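Here is the structure we will look at, set down as structure tokens.
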Amino acid sequence: MSRIGKSLIQVPGGVTIDVSKGNLVTVKGAKGSLSEQIHPDLKISLEDGVLKVERPTDQKRHREVHGLTRSLINNMVVGVSSGFTKQLELVGVGYRVSNTGNLLELTLGYSHPIYFALPPEIKVTTKMEKGENPTIILESFDKQLLGQVCAKIRSYRKPEPYKGKGIKFTGEEIRRKAGKTSGKK
């Protein structure tokens with residue numbers, strides 16, 4: 001039995017879960033609504049505010065999707081009830097960030113600024129304080145979409161291992177490399 005798949009999902013108050021024909025799971029809460037099509041063989045049962053995902057057999061194809069399905073549904077429940085937040089830091093001289101609504105303007109050492117339009121499901125705030133690195137704070141109820149947007153923003157200037165410059169997650173450790181040694185002896 002999958003350790004992740006067999007653990008139960010506690011459904012908080014204010015969150016409704018609907019499983020329709022064809023195993024389309026819809027989760028609605030205070031922050032929004034999410035839907036996910038899951039494997040048709042898996043069985044989902046909701047009793048007394050506790051959701052359980054069960055597989056019919058121990059075949060490899062059922063074991064493969066059991067834990068994944070439970071994690072996806074749990075992320076949907078957590079997302080619509082409390083939401084997710086990611087912080088990105090811009091490390092480098094002259095790197096700047098600003099936003100107007102959901103349009104992000106990044107200055108990352110290229111000859112031109114980069115404009116990035118965020119989806120409407122994501123809320124963005126930017127901080128530029130003296131003595132600290134510029135910070136992008138992204139909030140959403142959809143964990144998958146939030147991760148994809150963070151990866152896209154990060155791809156504009158990935159952190160490099162020699163000086164550590166680039167866009168990184170707050171608290172992320174960058175593996176540093178030693179540079180070239182000087183001259184011959």
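The values are calculated or read from the model by the stated rules, or taken from the named source; none is laboratory data. Small disclaimer: the values here were computed from a predicted structure and weren't measured. Note that we place each Cβ from the backbone using ideal geometry, even for glycine, and neighbour counts take in every protein chain shown. Just so you know, the surface numbers come from the protein's heavy atoms only, side chains and all, with ligands and any DNA or RNA stripped out. Shrake-Rupley method; radii C 1.70, N 1.55, O 1.52, S 1.80 Å.
Restricting to the stretch 8-39, what's the tally of residues that are polar (S, T, N, Q) and modelled with pLDDT under 90? Residues flagged as polar (S, T, N, Q) and modelled with pLDDT under 90 within the stretch 8-39 amount to 2.
Pairs are defined by a Cβ separation below 8 Å, a sequence spacing of at least 6 or placement on different chains, a first member in the stretch 34-59 that is touching a residue at least 60 places away in the same chain (Cβ under 8 Å) and open to solvent by less than 40 Å² (accessible area, probe 1.4 Å), and a second member that is outside any strand (DSSP E or B) and of a type in the set (A, V, I, L, M, F, W, C); the pairs so defined are LEU34/MET76; LEU34/VAL80; LEU34/PHE141.
Condition first: open to solvent by less than 40 Å² (accessible area, probe 1.4 Å) and either farther than 18 Å from ASP48 by Cβ or of a type in the set (D, E, K, R) (or both). Now tell me which residues in the stretch 1-18 satisfy that. Before you say what the answer is, go through the steps one by one.
Pass one, the stretch 1-18, residues open to solvent by less than 40 Å² (accessible area, probe 1.4 Å): 2, 5, 9, 11, 15, 17.
Passing the criteria: SER2, GLY5.
The selection criterion, being over 22 Å from the mean Cα position of the chain (by Cα) and at negative phi, holds for ALA178. The strands (runs of 3 or more DSSP E) located wholly in the stretch 1-54 that include 2 or more residues which are under 28 Å from THR85 (Cβ atoms) and touching a Phe, Trp or Tyr at 6+ places or on another chain (Cβ under 9 Å) occupy 33-37. Just one residue in the set LEU138, LEU108 is in contact (Cβ under 8 Å) with a residue 12 or more places away in the chain and within 21 Å of the chain's Cα centre (by Cα); that residue is LEU138.
Give the residue that is most open to solvent (accessible area, probe 1.4 Å), with candidates limited to residues of the stretch 91-112 that are within 20 Å of LYS168 (Cβ to Cβ) and part of a loop (DSSP other than H, G, I, E, B). Among them, the one singled out is VAL93. LEU68: under 30 Å from LYS52 (Cβ atoms), among the hydrophobic types (A, V, I, L, M, F, W, C), open to solvent by 60 Å² or more (accessible area, probe 1.4 Å) and not in a strand (DSSP E or B), yes or no? Yes: the conditions hold for LEU68. The number of residues in the stretch 19-33 that are in contact with a helix residue (DSSP H, G or I) (Cβ under 9 Å, 6 or more places away or on another chain), free of Cβ contacts under 8 Å to residues at least 60 places away in the same chain and open to solvent by 30 Å² or more (accessible area, probe 1.4 Å) comes to 3. Among residues of the stretch 53-88 being modelled with pLDDT under 95 and of a type in the set (D, E, K, R), the one that is farthest from the chain's Cα centre (by Cα) is ASP58.
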